[in-house]
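Worksheet: one structure, shown below.
Bear in mind that the values in this text are calculations on the coordinates, not laboratory data. Being a predicted model, the structure only gives us computed values, none of them experimental. All Cβ positions, glycine included, derive from the backbone under ideal geometry; neighbour counts span all protein chains shown.
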Ligand SMILES: [Ca+2]
Ligand SMILES: [Ca+2]
């Protein structure tokens, strides 16, 4: 018993160091046809490592060119476990054929061309000791057409996602030359964080189809989310076909003045001049608008202090609706249009003007807004009627908190 134990120990000691680093290396097939038809598309590579090593798997064509599948990846010893196994479907790191150039995109993963290759599985220990096992693999009927990305464009190259109606969206276009299984567009900033861009529902080609694909980017602000921080981003388009070939293209996009505008009528409070006015008299209001966000909010005329005749509206004063503009409005129940009387959310003393003359209430700023309506007739049946104030984000929304604010039950005295 003791003798047998000692003998085993001796044998184990003798084996140590002589055990091959790399063993049980196998390819489950010697021929594959990488074309996603479900027949011989994939094989399994197996190997066993006696000690920790960097592992490479590559292929040599008849001219000796090398195609990389795994490049010096650190691996732990296999130990008591099953051998390492990995699927191989003919896809290697991107390469170019003699005389081939790609315009505007890069191939990161590509199928081997049809031919006979020498495969090499190679392990290198830290001390430099290397072992390799080789064999032969035939590639046939490979679907070698690449899913090329043509004319990947981002426009405009600088945008301001802040719902002010000016340059709030960026558009990405790309033409894919082959049907595919995934197409992704995303921004990557200096911190490496990815921001996904969704494909436009009105994209000319349907998802997965060859053709022009368009992406519409609002930086998330349409859903009320804060956009990525201001700065310049790399925009990536990344496509993968059915056999796993991958192509990428890059462009750039700068975000400036990004943010979600948030503004309120302070304390939901309106000061009305009267509850009862005679025909020909003016109802005055005073309220305070607060920009409670880090984003400037855009506005347009007429300025506070303007008095409307009751049969006028913002359009008759030449101050039509502009998408993205905030204005204070007054609405009375008998009015024929929504909030017919509207005013800028501040006057010259507080508003700032950009190069194009657009007016903004700066971040975290308050402004007092007054205005009047001179009642020249009693339209509609109701008298008295409710009148109220609102803060309107034109063509975007009137948030519930800014609608029907502080109503007054107004009586118009008719002689
Ligand atoms: Ca096949
Ligand atoms: Ca904007």
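P(r) tail for the range 263-413, what percent of Cα pairs lie past 26 Å? Looking at the range 263-413, the distances longer than 26 Å represent 20 percent of pairs. Take the Kirkwood radius over Cα pairs of the chain, plug it into Stokes-Einstein at 10 °C and 1.306 mPa s, and you get 58 µm²/s for translational diffusion.
Cα convex hull, the range 149-255: 96 Å³ per residue, rounded to a whole number. Under 17 Å from a label point set 7 Å out along the Cα-to-Cβ vector of residue 103, the amide N atoms of the range 235-259 belong to 249-250.
Averaging Cα coordinates gives a centre for the range 178-194 and one for the range 111-176; these two points are 12 Å apart.
Normalised by the number of residues in the chain, the mean separation of alpha-carbon contacts (under 8 Å, six or more apart) gives a relative contact order of 12 percent.
Counting neighbouring beta carbons within 10 Å and listing from fewest to most, the residues 295, 254, 101 come out as 101, 254, 295.
With the convex hull of its Cα atoms as the shape, the range 22-139 has an orientation-averaged projected area of 8.6 nm². With contacts taken as Cα pairs under 8 Å at a separation of at least 6 residues, the range 149-255 carries a relative contact order of 32 percent. One Cα centroid belongs to the range 272-310, the other to the range 327-377; the line between them spans 6 Å. Calculated on C-alpha atoms, the gyration radius of the range 330-401 divided by its Kirkwood radius gives an Rg/Rh of 1.04.
For the chain, the longest principal axis of the C-alpha atoms and the axis of helix 2-15 are separated by about 70°. Taking all Cα pairs closer than 8 Å and separated by 6 or more residues, the relative contact order of the range 202-351 comes to 15 percent.
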